[in-house]
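Right, one structure below, let's go through it.
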Amino acid sequence: MTTQLQEIAYSPEIATKPEMLVCKDLRKVYPTPKGDYVVLDDLQLSIKKGEFVSIIGHSGCGKSTLLTMIAGLNEISGGQIIVDHEPIRDAGPDRAVVFQSPSLLSWLTALQNVMIGVKQVFPGASKAQKEEICKYYLDKVGLGNDFHKRATDLSQGMQQRVGIARAFALKPKVLLLDEPFGMLDSLTRGELQDVLLEIWQKEKITAVAITHDVDESIFLADRVIMMTSGPYAKIGDELEIPFERPRNRKDVLEHPDYYDYRAYLLNFLNH
Ligand SMILES: Nc1ncnc2c1ncn2[C@@H]1O[C@H](COP(=O)(O)OP(=O)(O)O)[C@@H](O)[C@H]1O
Ligand SMILES: [Mg+2]
């Protein structure tokens, strides 16, 4: 089964696209009282423009470390991260991040929370134009009637919807998601996966989503990247997910290859 899965050709549509995100010889060392801890070492990663990649790996292997380094929020100890052919230096709105907890400003409305980033990215736009961008994405995430609700009055799922709207509204080159639905109940989680894919399908932003949920990794991605356990973690394997898009959960779950993909990923995690 393994060989059969690995023989599946990389989607021709994606294979011809230029690279949007490249990690070259990436290394991360955290100093600890007991000495240096090498989390990531010699990590190579290349993601095409418009590709949706999931990253799975055991807790503590360095997934968040990798993502925050790509976001420019965590210093690189060695190697390079290249976004759209330019090595990154620090954080920037070309890489929008959605964390597990959206950390909205609780006293501001949904609209105002999205506006903060939009103001920075589109300083020349008129107030009406900026509002239009915010409202467009809030509407897309299903908050068309909640523009003026304060963050504190929104459920956790609705807050995460604002987090997703806020990220897309920046029109980033790369969307980075770190276990974005990890705190939500399974129903809300499924709804938000659908919302995310729907917007992504329209915008075709290059996306990297960390998840520890194997089903989520398959449902979302064109390719699932498997990280080895640390220390010295790197990419251990990867699996193309060629299911057609736009995706629908029922079709994906009923696809004859679904359980082979699932078993392949679980097998990696269990060894
Ligand atoms: N600031 C830090 N200082 C020291 N060690 C850290 C720091 N941040 C994370 N680590 C360690 O690095 C490893 C990887 O952490 P992390 O990237 O959060 O893993 P994951 O997201 O895969 O669960 C863990 O062993 C964690 O304890
Ligand atoms: Mg993490």
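The values are calculated or read from the model by the stated rules, or taken from the named source; none is laboratory data. Just so you know, these numbers come straight off a predicted model, no measurement behind them. Cβ sites come from the backbone with ideal geometry, for glycine too, and all protein chains shown count toward neighbours.
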Requiring at least 1 residues that are free of Cβ contacts under 8 Å to residues at least 24 places away in the same chain and not assigned by TED's automatic domain parsing to the domain that holds TYR136, the helices (runs of 4 or more DSSP H) wholly within the range 164-271 are 186-203, 249-254, 258-269
Inside the range 71-90, the number of residues satisfying the requirement of being within 17 Å of the chain's Cα centre (by Cα) and within 12 Å of ligand 1 (Cβ to nearest atom) is 2
Among (1) within 23 Å of MET20 (Cβ to Cβ); (2) within 16 Å of ligand 2 (Cβ to nearest atom), GLY182 falls short only on (1)
Those residues of the range 32-70 which are more than 10 Å from ligand 1 (Cβ to nearest atom), over 19 Å from ILE88 (Cα atoms) and among the β-branched types (Val, Ile, Thr) amount to VAL53
Checked the range 201-240 for anything touching a strand residue (DSSP E or B) at 6+ places or on another chain (Cβ under 6 Å) and aromatic (Phe, Trp, Tyr); matches are TYR232
Of (1) within 16 Å of ligand 1 (Cβ to nearest atom); (2) surrounded by fewer than 17 Cβ atoms within 10 Å (Cβ to Cβ); (3) farther than 17 Å from LEU104 by Cβ, LYS204 satisfies every one except (1)
Taking GLY182 as the residue in question, decide whether it is within 16 Å of ligand 1 (Cβ to nearest atom) and surrounded by fewer than 22 Cβ atoms within 10 Å (Cβ to Cβ). yes
